[in-house]
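Taking it in order: structure first as structure tokens, then the write-up.
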Amino acid sequence: MAAARNLGLSVATLETLRDVDRPEDLAYYRGWRGARTDGVVPAPSAISVIIPALNEAERIGAAVASARVEEKAEVIVVDGGSSDNTVAVADAAGARVLASEPHRARQMNAGARAANGDIFLFLHADTLLPSDYAQAVAGALTDERVAIGAFTLALDGDSPLNRVTEAAVRFRCRVSSLPYGDQALFLRADTFRAVGGFTDMPLMEDFELVRRLKNRGRVEILQQPVVSSSRRMERLGVIRSTVINFAIVAAYHLGVSPERLARWYRGGTAEVGE
């Protein structure tokens with residue numbers, strides 16, 4: 001610098017810019033198209049975690065806590081009229097709690113309307129996010145070709161059949177690129193709004209959203225796992241649960257209405273936690 005001044009040149013120290021050492025650093029450059037002229041480095045993407053819930057007092061606290069590992073994340077729990085302490089537990093855990101009718105698609109759409117983030121992540125109330133979820137999501141969405149993403153599925157419990165189920169889900173995702181809602185779907189907020197959010201249907205709303213977005217870009221499956229409750233499989237049995245899921249998806253492809261599928265799947269109930 002001294003040599004430059006001796007030559008009569010003007011010298012100034014520029015602001016130190018962020019380099020890219022880790023996946024989360026890429027979030028600073030999402031949407032950056034060439035040099036900025038205002039000297040401002042783009043801020044990291046804000047993430048909103050939206051959790052539909054109904055009578056999930058035993059699990060909602062842990063789900064919220066897993067989302068709040070990311071200090072800047074906005075965590076919204078949309079309660080469908082719980083008769084237990086779900087609302088109180090979610091509020092105590094630090095979530096913003098909204099009220100809705102017991103309908104998962106409508107609950108998630110209500111949460112999205114209230115959310116402020118530019119990334120939406122939809123989390124089931126009985127599912128836990130990995131500690132680095134925010135960085136992983138931001139890193140995935142720096143690729144503009146990615147329309148929607150999800151995590152690898154892990155089930156709690158030590159049953160060998162759970163490991164078989166996990167392997168089957170990985171195979172399904174690899175072959176069809178159709179993750180389900182229990183894998184914590186995430187996407188850009190503007191993409192979610194552009195496709196009109198979740199279709200207003202009582203079942204298969206997650207499947208339908210992913211299927212629509214496959215036409216807009218790539219479906220990214222992250223290696224990091226979310227840990228989901230295996231309670232339904234424990235109650236019904238792994239084989240029976242797998243057969244039911246396969247039959248529901250096949251029937252949907254054949255044109256059976258979501259309303260009829262919901263009656264088959266839930267036995268006439270509307271439990272979001274199932």
Legend entry - Number of positions in the range 116-139 that are surrounded by 23 or more Cβ atoms within 10 Å (Cβ to Cβ) and either in contact with a His (Cβ under 9 Å, 6 or more places away or on another chain) or of a type in the set (G, A, S) (or both): 3
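Hey, among E70, E58, which residue is of a type in the set (D, E), modelled with pLDDT of 95 or more and surrounded by fewer than 17 Cβ atoms within 10 Å (Cβ to Cβ)? First the steps, then the outcome.
Details: E70 fails: surrounded by fewer than 17 Cβ atoms within 10 Å (Cβ to Cβ).
Exactly one residue qualifies, and that residue is E58.
Just for the range 89-136: of the residues that are part of a loop (DSSP other than H, G, I, E, B) and polar (S, T, N, Q), which one is farthest from E220 (Cα to Cα)? Break it down stepwise before answering.
Within the range 89-136, the subset part of a loop (DSSP other than H, G, I, E, B) is 93-95, 100-103, 115-118, 123-126, 129-132.
Now drop any that are not polar (S, T, N, Q), which leaves 100, 116, 131.
Details: S100: 30, N116: 23, S131: 19 Å.
Result: S100.
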Inset, instruction - Would you kindly identify the helices (runs of 4 or more DSSP H) lying entirely within the range 152-268 that contain at least 3 residues that are closer than 18 Å to I50 by Cβ and acidic (D, E)? - result: 205-213
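Going by the structure shown, is S159 over 19 Å from F120 (Cβ atoms), hydroxyl-bearing (S, T, Y) and surrounded by 14 or more Cβ atoms within 10 Å (Cβ to Cβ)? It would help to see each step written out before you state the result.
On the way: over 19 Å from F120 (Cβ atoms): yes; hydroxyl-bearing (S, T, Y): yes; surrounded by 14 or more Cβ atoms within 10 Å (Cβ to Cβ): yes.
Judged against the criteria, S159 is a match.
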Legend entry - Out of V97, V87, V75, sole residue that is buried (at least 24 other Cβ atoms within 10 Å of the Cβ) and touching a strand residue (DSSP E or B) at 6+ places or on another chain (Cβ under 8 Å): V75
Inset, instruction - Scan the range 56-112 residue by residue and report those that are under 22 Å from D156 (Cβ atoms) and of a type in the set (D, E). - result: E56, E58, E70, D84
Inset, instruction - Enumerate the pairs (first residue in the range 242-261 and within 21 Å of R170 (Cα to Cα) and in contact (Cβ under 8 Å) with a residue 24 or more places away in the chain; second residue anywhere and surrounded by 15 or more Cβ atoms within 10 Å (Cβ to Cβ) and of a type in the set (S, T, Y)) with beta-carbon separation below 6 Å, excluding pairs fewer than 6 apart on the same chain, so at least 6 apart or on different chains. - result: I248/Y265
Inset, instruction - Determine if the range 254-265 includes at least one residue that is farther than 26 Å from N109 by Cβ, more than 23 Å from the chain's Cα centre (by Cα) and surrounded by fewer than 19 Cβ atoms within 10 Å (Cβ to Cβ). - result: yes
Inset, instruction - Given the conditions (1) without any contact (Cβ under 8 Å) to a residue 40 or more places away in the chain; (2) touching a Leu at 6+ places or on another chain (Cβ under 7 Å), report the number of the one that D206 does not fulfil. - result: (1)
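Step by step: first the residues of the range 100-115, then only those that are crowded, with 18+ Cβ neighbours inside 10 Å and of a type outside the set (G, A, S), then the one that is farthest from R266 (Cα to Cα). Which residue is that? Even if it seems obvious, please write down each step before you answer.
Narrowing the range 100-115 to residues crowded, with 18+ Cβ neighbours inside 10 Å: 100, 102-112, 115.
Imposing the further condition that a residue be of a type outside the set (G, A, S) reduces the set to 102-104, 106-109.
On the way: P102: 13, H103: 13, R104: 13, R106: 17, Q107: 18, M108: 19, N109: 21 Å.
The qualifying residue farthest from R266 (Cα to Cα) is N109.
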Legend entry - Unmet criterion (only one of (1) part of a helix (DSSP H, G or I); (2) touching a strand residue (DSSP E or B) at 6+ places or on another chain (Cβ under 7 Å); (3) among the small types (G, A, S)) for G139: (2)
Inset, instruction - Select from the range 77-88 the residues that are within 12 Å of G61 (Cβ to Cβ) and either in a strand (DSSP E or B) or hydroxyl-bearing (S, T, Y) (or both) and write down the one among them that is nearest to the chain's Cα centre (by Cα). - result: V77
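The values are calculated or read from the model by the stated rules, or taken from the named source; none is laboratory data. Given the structure is predicted, the values throughout are model-derived calculations rather than measurements. Because the Cβ atoms are built from the backbone with ideal geometry, glycine has one as well, and the counts that use them run over all protein chains shown.
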